[in-house]
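Each remark here refers to the structure printed beneath this line.
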Amino acid sequence: MSVSGGSVYQRRWWILGLLSLSLLIIGLDNTILNVAIPTLQREFDASATELQWMVDAYILVFAGLLLTMGSLGDRFGRKRALQLGIVVFGLSSLFAAYAESTAQLIAARALMGIGGALIMPSTLSILTNVFPREERGRAISVWAGVAGLGIGLGPITGGLLLENFWWGSVFLINIPIALIAIVGGIVIIPESRDPHPAPVDVPGAALSIGAVTALVFAIIEAPARGWTDAVVLACFAGGAVLAAAFVVWEVRTPHPMLNLSFFKNPRFSAGAGAIAIAFFAMFGMVFGLTQYLQFVQGYTPLEAGARMVPLALGVVVGAGNSHRLVAKLGTDKVVALGLLLVTVVLTSMSLWRPDTEYWIVGTTIFLLAVGLGNAMAPATDAVMGAVPEANAGVASAMNDVTRQVAGAFGVAIIGSAINTVYSRSMADAVAGLPPEAAAAASDSIGAAARVALLAPAQAANRLLDAAGMAFSDALNVAVLVSASAALIGAVLVVRFMPARHLPVDQRADSAEQAAADTLEPPAEAAR
């Protein structure tokens, strides 16, 4: 790229725009599939567990590879990692669109996770390198707002596509966005890297992937197999052992994938914890809400997606204004207040019934998103500001790991709680059905809707009413789990997070300057 470092720095807001566009497909893909779940269930005759794996296969691979991909970006170039990730994401989206079975779709989603793991840490680490400290909070607010915007726009985009095209279109929407991001990135985005990269920590990557995979698999399979099933207990135990081994290895290896000393900085650890709790709540609730709107309240995919728009608006409002609140109140108070708002709103959702009016549902979704936005953006800035810029890729990856692992656990735990309570609540309603129909109707509300299509009108109405009430009861329990987590998070943030950035020592200053010097073209003119 034949431009001066100064012009790169002057175009930092254009760079942020392209980074945000690259990030948009990640946000869209996190939630666009949720609206398509009922359609995919009918198309592939998928079980509740298979539906969860359609969501979690992507998140699981994404989360497991983030630290490795962030480290590779620091080592070989963050722009290269970003561009490669967009290519992988686009090609795997094409594969997903033409999948012919649940196994193929789940495999395609896993490949998309590889692309996402290259994209997301690269966007934040590049942002950190092109924005000075005094502007970074505002830039990260925009970054977090776009991430939330993509998540919030996913349902209505999916609804519009499903209303007019076949289900594969929810994946093809990624292709034009990817093409624009690739071409624009080649022209505008500068290259940067760690001037003194460490060797890739292969054992650490393997241990982290194994731990997350085992734990999430156990949580997803527990409702179907039973929480005391031997396979489920073995996966929980194996995941715990692998997680402990990962910590031991990272402490002892001279070149850790994740420098655990970062967690000694209270802004880093408290920020990562707040992000994890926010995404646990958001992913879990979106998974439940899309089914509530379609199966319980009877909206079409497009109508349900339109009714999820307040999620996008709320995150943009919350994240977009959070840097102003931080300047007045401090990071700790803003993040804690955001999580407290999430707690109150989630608790109010435990009062929802099948016939709850939409003005209540829509207002609740908006307020929930405002709280999430005010927690996520300042917490992200806290994480990124707690490490030297030379380690921006790893720090960004850690920020993203907490998002995606927590999101996976949100879908798994909330989904498992919903499935468990739903199945128990349906015991009486399916008592008179043939064994196969009874098992299907007890497995998920979508399956109950299919069974009702084959039953006489009166029996079908009774089954649908019972399924709607059972799902509402299950959602009521699940939101209280998320509300409890948000409340604990708010207390911990108040207790441990410093209000402002801690003073940066001379070594960090030197690392920041070294990272700035690796911008291509040379960044001495950029400063």
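If you filter segment 185-205 down to residues that are surrounded by fewer than 17 Cβ atoms within 10 Å (Cβ to Cβ), within 26 Å of the chain's Cα centre (by Cα) and part of a helix (DSSP H, G or I), you find that the one that is modelled with the highest pLDDT is PRO203. Flag: LEU161 matches the condition of being touching a Ser or Thr at 6+ places or on another chain (Cβ under 8 Å), at pLDDT 80 or above and crowded, with 18+ Cβ neighbours inside 10 Å. Summed over segment 294-315, the residues that are in a loop (DSSP other than H, G, I, E, B) and not hydroxyl-bearing (Ser, Thr, Tyr) give a count of 4. When we screen LEU179, LEU233, LEU260, LEU215 for residues that are hydrophobic (A, V, I, L, M, F, W, C), on the phi < 0 side of the Ramachandran plot and buried (at least 17 other Cβ atoms within 10 Å of the Cβ), the only hit is LEU215. If the condition is being part of a helix (DSSP H, G or I) and under 21 Å from GLN294 (Cα atoms), then segment 438-451 contributes ALA440, ALA441, SER442, ASP443, ILE445, GLY446, ALA447, ALA448, ALA449, ARG450, VAL451. Between VAL309, VAL316, VAL247, VAL326, the distinction of being closer than 30 Å to MET469 by Cβ and out of contact with any strand residue (DSSP E or B) (no Cβ under 7 Å at 6 or more places or on another chain) belongs to VAL309 only.
The values are calculated or read from the model by the stated rules, or taken from the named source; none is laboratory data. These figures come from a predicted structure and were not determined experimentally. Glycine also receives a Cβ, built like all others from the backbone with ideal geometry; neighbour counts cover every protein chain displayed.
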